[in-house]
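The values are calculated or read from the model by the stated rules, or taken from the named source; none is laboratory data. Quick caveat: nothing in here was measured; it's all calculated off a predicted structure. With ideal geometry, Cβ positions are generated from the backbone for all residues, glycine too; neighbour counts draw on all protein chains shown.
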Amino acid sequence: MTAPDGAMIEQLRAQVVELTQRLNELSPTPGVLRAEHVEIAEPDGTRRLTLSAEARLPDVPGMEGQRTPPAAGLLFFTRDGAECGGLVFGGSQQGVGPRVFGHLSFDRADGDQTLYLNHWDDANGRVDGIAIVDRERTLDNGADSPPEALRAWLGRGQNGSSTLQLCDDQGRPRLILRVDQDGSATAARLDASGAVVKDLLA
């Protein structure tokens, strides 16, 4: 076996130095792993969970570039590799858009989110709440996104009031309980047109 010559040794040493520098760039602090995107997958390679920086958050198939506002976070995937929910967050004190937001959602099979917890804080105020939504299944023929109908909302609005709103299968509010910032309360039953048919506190 021929012993390596000086040039080969120097080349190897340079490669080791370069690799060390790149590893240090990825993890400048000992014991800290730094990455833009991490995937958890099954042994067969099926993606089950991703942890991503804003620039690397995966797109929804067929809805590329439509995640707004930009966010970082976790996405969940079924055993078949379809997205089924996620936890995303973001915001900025600069420019327009939310200063802070967070969103935890769970999707219907072959569809979009039907249960989500939302926090949104922008120049107009803060909204926090949990929502349940009815959705059609996504069509196989590539048609436009199916309609959605809000069925229930419990949360705090930008005006500071806390509200429980229950809706029918068309998304029309039929029962609303509200407490305003000053402590005044209302409870109303509505018809399909949105008119109050009974004041439940009268």
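Descriptive notes on the structure:
- The residues in region 146-198 that are over 22 Å from Asn118 (Cα atoms) and either charged (D, E, K, R) or not in a loop (DSSP other than H, G, I, E, B) (or both) can be counted, and the count is 12.
- Candidates in region 84-109 are the residues that are surrounded by 16 or more Cβ atoms within 10 Å (Cβ to Cβ) and at pLDDT below 90; of these, the one that is nearest to Ser52 (Cα to Cα) is Gly91.
- If you go through region 70-79 and keep only what is modelled with pLDDT under 90 and surrounded by fewer than 16 Cβ atoms within 10 Å (Cβ to Cβ), you end up with just Pro70.
- Unmet criterion (only one of (1) surrounded by 15 or more Cβ atoms within 10 Å (Cβ to Cβ); (2) outside any strand (DSSP E or B); (3) not acidic (Asp, Glu)) for Leu201: (1)
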